[in-house]
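J.: Mind having a look at this structure? Questions to follow.
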Amino acid sequence: LQQAEQKAQLSEYRFSEVFAASPLPMQIFSLGTRRLLACNPALQQWLGYTSQDISTLSIWAERVCADHAQCQQVLELWQCAAPQNPKGESLLLPEMHLRCKDGSERMARGTMTMVGDEAIIVWTDLTEIRQSEQVLQESEQHFRNMIEQTISGIYVRRDGRFIERVGFYNPVASGNEK
């Protein structure tokens, strides 16, 4: 019995060390009491909230969720996941807009693992990825507009050779439409 207790204590110690040292933002909620049990330093640094700032699911939803309808869906998903997921399998949450304590917003996706009635959520910050995608889309649209409005062909030359035709003669832009 004593050996089993030592193994359990060692396992708990290992988990707490990994939880605290993880560079990924993590939090643990009790779905039974709807209280925050823990959040790691990475989550505090990422969003700016301490565990006292977001001590319950309702406070977390009010302060952190930027889109309340989206948040309500996720909270319902959390509640439904507990009885359907007794083996601790991970559930990928939908992308969410999260509000930081300083008022800025982050786009993130959580992975939730149930252990008993406790939900362990590990967050992946997608903000920079989504911003880069937006910049790329805007650049592509600008380039497409430029090509579609040109009145002559555009070619790419490399090493003295034409390697690609990018544009074409546009009779609408030139006023020579038939």
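The values are calculated or read from the model by the stated rules, or taken from the named source; none is laboratory data. Since this is a predicted model, take the numbers as computed values, not measurements. In this analysis, Cβ positions are derived from the backbone assuming ideal geometry, glycine residues included, and neighbour counts consider all displayed protein chains. For the accessible areas, the whole protein counts, side chains as well, though only heavy atoms, and no ligand, DNA or RNA atoms are used. Shrake-Rupley method; radii C 1.70, N 1.55, O 1.52, S 1.80 Å.
J.: Rounded to a whole number, what % of the accessible area of the stretch 1-59 do carbon and sulfur atoms account for, probe 1.4 Å?
T.: Answer for the stretch 1-59: carbon and sulfur cover 55 percent of the accessible area.
J.: Just order 119-131, 4-16 by mean Cβ neighbour count inside 10 Å, highest at the front, would you?
T.: 119-131, 4-16
J.: Can you tell me how much longer the chain between V115 and E12 gets when fully stretched, taken as 0.36 nm per residue apart minus their C-alpha distance, in nm with one decimal?
T.: Once the chain is fully extended between V115 and E12, it gains 35.8 nm.
J.: Here's another thing I want to ask about it. What is the spin-label model distance, in nm, from L77 to L92 if the labels are put 7 Å beyond Cα along the C-beta direction?
T.: About 1.1 nm, to one decimal.
J.: Ignoring ligands, DNA and RNA, what percent of the 1.4 Å accessible area of the stretch 96-146 is carbon and sulfur?
T.: The C+S portion of the solvent-accessible surface of the stretch 96-146 is 52 percent.
J.: How much length, in nm to one decimal, is gained on full extension between S30 and E105, taken as 0.36 nm per residue of separation minus their Cα-Cα distance?
T.: Result: 24.5 nm gained on full extension.
J.: Testing the spin-label approximation: label points 7 Å from Cα along Cα→Cβ at S139 and T127. State their distance in nm.
T.: Each label point lies 7 Å from its Cα, and together they span 2.2 nm.
J.: How many Å² of accessible area per residue for the stretch 1-79, probe 1.4 Å?
T.: Accessible surface, normalised per residue, equals 60 Å².
J.: Let me ask something additional. In nanometres, what is the gap between the two model label sites at Q2 and Q45, each 7 Å from Cα along Cα-to-Cβ?
T.: Once both label points are built, they end up 4.1 nm from each other.
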